[in-house]
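Readers should treat all values here as calculations from the given coordinates under stated rules, not as data from a laboratory. Remember, predicted model here, so these are calculated numbers, not experimental data. Cβ: placed from backbone, ideal geometry, glycine included. Neighbour counts: every protein chain shown.
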Amino acid sequence: MSSNTLTATGYINHHLQNLTFGQLPGDRGWGLAHTASEAKAMGFWAINVDTMFWSIALGVLFLWAFRKAARRATAETPTGLLNFVEWVIEFIDDNVRGSFSHKNDLIAPLALTLFVWVLLMNTMDLVPIDWIPGIAKWLGIEYMKVVPTTDPNATFGMAFGVFALTLFYSIKVKGPLGFAAELTMQPFQADNKALKVLFIPINFFLEFVSLVAKPISLSLRLFGNLFAGEMIFILIALLFSGGIALALVGGILQWAWAVFHILIVLLQAFIFMTLTIVYLEMAHSHH
């Protein structure tokens, strides 16, 4: 797509399209989609290569930085990276102690991983939207989305991982019968056996909906906020093609939105981590 024929709609669609790998339509084998329609036709087994690349790369960056800080840890006053890492760990530890009242050595490392990983992925939204896609296009890669959390596949994947842990600990801590009773014996209760039996399907419906809503809300909240932020950056970037006056307005708006978006980047990572702790606290609690 040449720059002289790229319309505003085409520009927006181009920036919202993932680099997708899957089975090409028309028995053309497996490969990268060249258009949005090809990506859509690939179906369920397609994979967004850019989402996988950036999420894994940022995960590796997180592990490398924290391992480097851990190896430098001493009894002296920390500075630089070590000071930042210790501050993050203390912040996570305070939140886990305040929200999780049971004994489980997995919760704090999980909360730390989710917070830093989601934060790094969200922070990619602050990189000027044309920089990395422009470099990718120069290298012959047509599409490149650099914010993994604007892809619902990534947010749902993390949310389903948290949901699987919630189910696992609900059954492990309460037992299969205890977990089944939690889903069928509340919120409506009665001493009369006939009413108790009558309430079972009603309770199950209400509790099942509440249970399933957890991963959906966890994933859609993160995706929706970051996708909206990315969309605003794209719309502001369109002003730069409207002349000097609009370019100046666009520069001011882009700076202002980036400053405000820092709050969203931090807040959404914190909310994802906090809800994970809360859900696992509920999984460990007996009614």
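Key figures
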| item | result |
| --- | --- |
| Residues of the range 11-37 with amide N under 16 Å of a point placed 7 Å along Cα→Cβ from Ile132 | 15-20 |
| Of the trypsin sites (Lys or Arg not before Pro) in the range 181-255, those whose Cβ has at most 16 other Cβ within 10 Å and which sit in DSSP loop | none |
| The range 1-92: proportion of alpha-carbon pairs further apart than 23 angstrom, % | 53 |
| Quarter of Cα convex hull surface for the chain, i.e. mean projection, nm² | 21.4 |
| Of the trypsin sites (Lys or Arg not before Pro) in the range 71-143, those whose Cβ has at most 16 other Cβ within 10 Å and which sit in DSSP loop | Lys103 |
| Residue order, fewest to most surrounding Cβ atoms within 10 angstrom, among Thr149, Thr7, Thr20 | Thr7, Thr20, Thr149 |
| Additional length obtainable on full extension of the chain from Lys40 to Val212, 0.36 nm per residue less Cα span | 59.3 nm |
| Nearest 10 degrees, 0 to 90: helix 80-99 Cα axis against the chain principal axis | 40 |
| For the range 17-66 and the range 114-183, distance of Cα centres in Å | 15 |
| Acute angle (nearest 10 degrees) that the helix 107-123 long axis makes with the longest principal axis of the chain, alpha-carbon atoms | 20 |
| Gain upon complete extension [Leu32, Trp255; 0.36 nm per residue less C-alpha separation] | 76.8 nm |
| Gain in span if fully extended, Glu86 to Ser101, counting 0.36 nm per residue against the direct Cα distance | 3.1 nm |
| ³J(HN,Hα) computed for each position of the range 136-145 - Karplus, 6.51 cos²θ - 1.76 cosθ + 1.60, integer Hz, glycine/proline x | 4, 5, 4, 8, x, 9, 5, 10, 7, 9 |
| Amide H partners (placed H, <5 Å) of Thr35, local residues excluded | none |
| Nearest-0.05 FRET efficiency for Ala181 and Ile264, computed from C-beta distance (R0 41 Å) | 0.55 |
| Loop GluC sites (Glu not before Pro), the range 26-125, which have at most 14 other Cβ atoms in a 10 Å radius of their Cβ (DSSP) | Glu76 |
| Helical mean residue ellipticity (222 nm; -39500 (n - 2.57) per DSSP H run of 4+; nearest 500) of the chain | -25000 deg cm²/dmol |
